[in-house]
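The values are calculated or read from the model by the stated rules, or taken from the named source; none is laboratory data. Predicted, not measured: the structure shown is a model, and the values here were computed from it. All Cβ positions, glycine included, derive from the backbone under ideal geometry; neighbour counts span all protein chains shown. Each accessible area value is taken on the protein alone, full model and side chains, heavy atoms only, with ligands, DNA and RNA left out. Shrake-Rupley method; radii C 1.70, N 1.55, O 1.52, S 1.80 Å.
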Amino acid sequence: ISLYRHSAGAGIRMDGVGYSGLAITPYFDSMIVKYTARGSSFAETVARMKRVLIECRIRGVKTNIPFLLNVLTHPEFETGVVTTAFIDENPELKKVSESAWNFASEEQSDQRKVGAKERLIRYLANLAVNGHPVELGADPTKIVSEHSVDMTEKLIL
């Protein structure tokens, strides 16, 4: 897990032991966190669960959060009258790659954009810490160190 930030709030119970850096192996139940919501009405409970899932940030592994948001935002589910066959009767719930929800930031609503930005940030952080990799064609003789530039040149630039 490259990023783990759970959500909380009134009417939300969180059970889990997730953390950034956790290695998920296939040898046990890989449930990272479990949220339980309660409210004075079904609509309030659903709204709390939507909020907690939207605010939760887990990166580096695939989660079922997009699927759960599809279920919670389905008009039939929001009525509170569904059966155990609800998921089988609505196969579009499983199409998470096309889903978009009401995130505070438009950037967070598209899972592909989030993944692309995260990879870019991780690459830039690696460059900042480790420098330009020779494997990708960087020529160490052409890289100018910040300390080798004269202060007058810096002012001109």
What pairs can you find where one residue is in segment 4-16 and farther than 12 Å from THR45 by Cβ and polar (S, T, N, Q), the other is open to solvent by 60 Å² or more (accessible area, probe 1.4 Å) and not in a loop (DSSP other than H, G, I, E, B), and their Cβ atoms are less than 8 Å apart, with a gap of 6+ or different chains?
SER7/MET14; SER7/ARG51; SER7/GLU55
For helices (runs of 4 or more DSSP H) lying entirely in segment 68-157, having 2 or more residues that are modelled with pLDDT under 75 picks out 111-130, 151-156
Inside segment 66-85, can you point out the residues that are more than 17 Å from THR45 (Cβ to Cβ) and exposed (fewer than 15 other Cβ atoms within 10 Å of the Cβ)?
THR83, THR84, ALA85
What are the residues in segment 4-41 that are assigned to a strand (DSSP E or B) and closer than 12 Å to CYS56 by Cα, if any?
TYR4, ARG5, MET14, VAL33, LYS34, TYR35
Pair list, Cβ < 6 Å and 6+ apart or interchain, from segment 24-52 residues that are in contact (Cβ under 8 Å) with a residue 12 or more places away in the chain to residues that are open to solvent by 50 Å² or more (accessible area, probe 1.4 Å) and assigned to a helix (DSSP H, G or I):
ALA37/ARG48; GLY39/ARG48
